[in-house]
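The values are calculated or read from the model by the stated rules, or taken from the named source; none is laboratory data. Note that the coordinates shown come from a computational prediction; the quantities given were computed from them, not determined experimentally. We place every Cβ from the backbone using ideal geometry, glycine too, and count neighbours over all the protein chains shown.
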Amino acid sequence: MSGWKQLEATDMPVLVDTNVIIDILSDDPNWADWSEDILAEYSENGLAINSAVYAELCFGCESTAEVDAITSQMGLQFLEIPKDGLFCAAKAFAKYRNSGGTKNFVLPDFFIGGHAESSSIPLITRDATRYRTYFPDTNVISP
């Protein structure tokens, strides 16, 4: 992930969910304007992604260079998911399973939500339901 500045713990970036980035990249007719506006509104705080978002972006790209170009152009910086975030993700996933969830492996949203909650950083997403359900202490910024 060359060229990316590693944010320090004292910085208060805003974590950006994959769906917001995809809205902009695909010029989604329903969501692109909202996604662009919300990123512009919070860009002064610093916009960040983590490895789960990075991996989801890789799905539609031909190379890491393409993903890096997209994230650089959008001003997205990379944050590692801290161990506490991984622990939080696993515990939230256990609640999901215990409440009847059918997936057998931790979903990317749990890594994203666990990261935001454990680091006390806001999360910009269009899909707030799961985050608000399993990460109630996270500041979810959504439509």
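Worth a mention:
- Looking only at residues in region 96-126 that are assigned to a loop (DSSP other than H, G, I, E, B) and of a type in the set (S, T, N, Q), the one that is modelled with the lowest pLDDT is N104.
- Those residues of region 43-56 which are surrounded by 13 or more Cβ atoms within 10 Å (Cβ to Cβ), in a helix (DSSP H, G or I) and either free of Cβ contacts under 8 Å to residues at least 24 places away in the same chain or within 14 Å of the chain's Cα centre (by Cα) (or both), in sequence order: S51, A52, V53, Y54, A55, E56
- Residue within region 57-64 that is in contact with a Leu (Cβ under 9 Å, 6 or more places away or on another chain), assigned to a helix (DSSP H, G or I) and either closer than 21 Å to F110 by Cβ or at pLDDT below 95 (or both) present: yes
- When the residues of region 89-141 are filtered to those that are aromatic (F, W, Y) and either within 21 Å of W34 (Cβ to Cβ) or surrounded by fewer than 13 Cβ atoms within 10 Å (Cβ to Cβ) (or both), the one that is nearest to the chain's Cα centre (by Cα) is Y131.
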